[in-house]
1. Among Ser113, Ser134, Ser25, determine the one that fluctuates most according to a GNM of the chain built with springs between C-alpha atoms less than 10 Å apart.
2. Within the chain, which complete DSSP H helices have Cα atoms spanning at least 27 Å along the helix axis and a mean Kyte-Doolittle hydropathy of 1.0 or higher?
3. For the chain, modelled as a GNM with alpha-carbon contacts under 10 angstrom, which of Val46, Val72, Val92 fluctuates the most?
4. Which three extents, in angstrom, do the Cα atoms of the chain have along their principal axes, listed largest first?
5. Set the bar at 21 Å for Cα to Cα. Now go through Lys81/Lys151; Lys51/Lys112; Lys77/Lys171; Lys125/Lys146; Lys77/Lys125; Lys81/Lys112 and name every pair that lies beyond it.
6. Read phi for every residue in the range 116-127 and hand back ³J(HN,Hα) as whole Hz from Karplus 6.51 cos²θ - 1.76 cosθ + 1.60, θ = phi - 60°, with x for Gly and Pro.
7. Per residue, how large is the accessible surface of the chain? Use a 1.4 angstrom probe and give square angstrom.
8. Would you look at the GNM of the chain, springs on alpha carbons closer than 10 Å, and say which of Leu170, Leu124, Leu36 moves the most?
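The values are calculated or read from the model by the stated rules, or taken from the named source; none is laboratory data. A quick note: this is a predicted structure, and the numbers were derived from the prediction, not measured. Please note that ligands, DNA and RNA were not included when accessible areas were found on the heavy atoms of the full protein model with its side chains. Shrake-Rupley method; radii C 1.70, N 1.55, O 1.52, S 1.80 Å.
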Amino acid sequence: MIKRILTGLIIYTICIVLIISFLPSESGTFIISLVLTGLLFGIFIVYEVYKKYSSDLLPSATVMLPYTDHPVSGLRKISYKPFLFGFEKKIVSGDDLYFDPDSIYMVNPMGKSAKFSLYEITALKRTSVRINNSTIWQISLMDDGKPVTVKFAPNFSLANKNFLQFYTLLKEINPNAVQSEWNLWKI
């Protein structure tokens with residue numbers, strides 16, 4: 001990363017020197033060239049820093065989940081996909097989350113599901129990340145001794161209270177797993 005930034009800085013410096021040397025300072029193209037060059041360099045720096053530190057935002061664990069063809073009809077959905085111009089894929093899991101009174105289901109985009117008992121959940125907590133006025137939550141559980149973490153946006157609304165029902169059920173069944181208090185204003 002440092003080598004790429006230094007290379008970009010050298011190219012930026014050369015561009016500034018060429019602009020100052022060959023364009024008259026009274027012309028409008030002089031200022032436009034300086035602004036565009038600075039803007040491009042700023043975008044380059046932001047991209048490099050984002051690329052370096054975005055690995056903390058990855059949505060799910062690296063273990064392969066035991067997906068099956070279990071149908072999801074009759075299950076209640078607790079997640080949705082927020083929209084952030086494609087960046088949401090770096091933050092939330094690609095799986096949709098469903099639950100019934102005994103289990104939580106992670107359904108991948110191909111329609112296959114992985115079933116886990118609510119007792120296997122080790123943590124349900126709110127993260128500090130917000131997308132479209134919705135707080136991202138995180139579920140951690142154990143799958144054959146391997147930790148699995150899934151980040152999702154709850155689909156709570158006035159008409160859909162599935163996430164609140166899941167939260168209440170998990171708090172009754174596995175109270176040690178619930179690490180964040182539910183609050184309508186912080187959902």
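1. Ser25
2. 2-22, 28-53
3. Greatest mean-square fluctuation among the candidates belongs to Val46.
4. Principal axes ranked by extent give 74, 36, 30 Å for the Cα atoms.
5. Lys51/Lys112
6. 9, 5, 5, 6, 7, 6, 9, 7, 10, 8, 7, 9
7. Here the residues of the chain average 61 Å² of exposed surface.
8. Highest fluctuation among the options: Leu36.
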